[in-house]
Amino acid sequence: MSEPATITAILDRLSLPEQDIERLTFCSVNKAAKVEEWAKTLKNMQAAQTCAQLYQAIPQINRVHINDNERKAMLDVVFPIAYRCTQTLSRSYLNQPINLSDEAKKVVLVSQSILNALVTGYLICLKSYCQDKKRKASQEAASALFNSFQCLAVMQLRNHQLYSQTSKVIWRQANSLIAIAKYLDVNKTLVKSTLSDVASGSAEHGFLRIIAFNCAKTNQMTQVDIGHIFQAIESWVRAMQFSEEPSTFWVDIDSDIPPSFTKKYSPPDTTSIMHIDFSSLTQQLQQAQDVTQDIITSGYEVTIPTEINTSILTHLEQSWSTHPERTSERKSKHNMADLIIGFQQCHTKLSGCDDFGDFLGAQSSRKSDDALPDLGSLMGNFFSEEEKDTVELRSISPLRVKTLNASQEGYCFEWEEAYEIRIDAGDVLLMREQAKRQWALGVIRWVRKKKNHAVIGVETLSTRPKAIAAASHYKDGTGYSDFMRAFIISHTHGHQHFNNQSNESLVTPNLIFKEKARIKLRNKNQSETIKATLGICTLTTGKVKCFDLKKQVEPDAQSQINQQL
């Protein structure tokens, strides 16, 4: 068994800056009190200007030749200001095309640099504490560690929301910080947070938060959902713990690599391995998906925020326990394909109607419910061979992308930097391989940003989708909603999501449609509607849902069935 690195070796690998300047240029005196006076002049409502000043000031605090008590006091002054302002700056680069503009890239760089400079400053202080035995188990060390982990967590959040990989710098710092915390014997010491939206915690809580977030496979979610998960994990980590024996994940704190799934990668034979046990948390998340089951736990009881829906809970529970991987073989495929992104754009392309009102046609000739055709005949109409598969519309211009590989489940595409279109994991799209006429409907399952381009993984839902209109019945009995765009899809053979006996499913926006809801369907330019019911939800993303589609049983028929039973 190899020996862990010494604390000196851990500190040396961080390459901390030298303290080689004598005076702070933004402040008249090298005292924390003067820095506090200067900080009061910063305008919180002008985040860009404030961040520009912090970008210049914090590296000076790290390099000025002063004692580390004074340095930490200065960092503690600017820490909450920097934390809030960098959060505000995120509006400049979130909800934007994945290939950011040069201006947005600069904002990201400044934000990440400010937070990284704060961590560096705290590490300089912690290095001094490690060299002074009297500073072991001190509250100052625990506070420096806790604040450092908050900075790293936000840096990691931005990487994930931009679908980038967490850098080795973050993991080098995070793994080193927990090693320092253990050496100083403050890894479990509780610290009262100076941030209003962050609860009190310890260095271990901060480290576990970064690990849990990294293992959550957030590149399969929208930016908004990633933010919700980030907030939830801040409290959920109290249901996690480190284990002496091999558990779900492990991390080598002598390295600069992220945690690994134990069943996929065995940990090396070294005492620097820390095992992370997710079992208590995943058990509660699994129980929370069943509303009829009480959550039973012997430790911290998690609270599920309203923003975290059942599909996200399922995703997190699987990511932190079974860690599912693809089952079908991927084959390299180097040709071109056309993509159309977005629910409305896909519906327009398939239907041939730029205006949804044109798709619905005249409503004055709507027939009574007694004259409605049966589901089978209407489905046959939806899938009529006489209906054109595609309608070329000038308003919908497909994007040409390179296919990297393909499998039975879908494709992997290269998304070029030149495309200034916003995409999210969970978006629906149409795709058509080169030289093929038929459009297939798919959903973006994951996005990964590279240096000069992005890679997107797309799951095929159907090779013969049809555009229709759907309305959902309100539970309060006030009638049906307005018609909305939707798609009827036939099941792909062997598709993992589709397990009902019916032949069709309904793809809808992730809005009002629910399981077991009564719905009405209308085809293009037809006044007739057909009543149906939605079965189980087989797929949910931040943008769309997919339901089994079933014929609605009328009340009289249902009573007869009950009598027969």
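FYI, it's all coordinate maths here, none of it is from the lab. The structure presented is a predicted model; accordingly, all values stated were derived computationally and were not measured. Glycine gets a Cβ as well: all are built from the backbone with ideal geometry, and neighbour counts include every protein chain shown.
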Legend entry - Point-charge dipole on Cβ atoms (K/R +1, D/E -1) for the chain, about Cα centre, debye to 20: 960 debye
Legend entry - Computed E for Asp12/Gln56 - FRET, C-beta separation, R0 35 angstrom, nearest 0.05: 0.80
Inset, instruction - Quick one: check the C-alpha center-to-center distance for segment 205-258 versus segment 115-189, whole angstrom. - result: 16 Å
Legend entry - Other-chain or far-sequence residues with amide H under 5 Å of Ser462's (modelled H): Leu441
Legend entry - Farthest toward positive dipole pole in segment 7-319 [+1 Lys/Arg, -1 Asp/Glu at C-beta], among Thr248, Ala141, Ser279: Ala141
Legend entry - the chain, relative contact order in percent, only Cα pairs under 8 angstrom and at least six apart counted: 11 percent
Inset, instruction - Report the residues of segment 47-67 in range of a label on Lys34: point 7 Å along Cα→C-beta, backbone N strictly under 20 Å from it. - result: 53-67
Legend entry - Long pairs among Lys168/Lys449; Lys217/Lys436; Lys40/Lys188; Lys105/Lys127; Lys349/Lys466, criterion Cα-Cα beyond 21 Å: Lys217/Lys436; Lys40/Lys188; Lys105/Lys127
Inset, instruction - Give a residue-ordered list of calculated ³J(HN,Hα) values for segment 446-455 (Karplus: 6.51 cos²θ - 1.76 cosθ + 1.60, θ = phi - 60°; whole Hz; x for Gly, Pro). - result: 7, 10, 9, 7, 9, 5, 10, 7, 10, 10
Legend entry - Formal net charge of residues neighbouring Thr262 (Cβ-Cβ distance under 11 Å; K, R +1; D, E -1): 0
Inset, instruction - Please work out how much length the chain gains when fully extended from Tyr474 to Leu190, using 0.36 nm per residue of separation minus the C-alpha to C-alpha distance, in nm with one decimal. - result: 97.4 nm
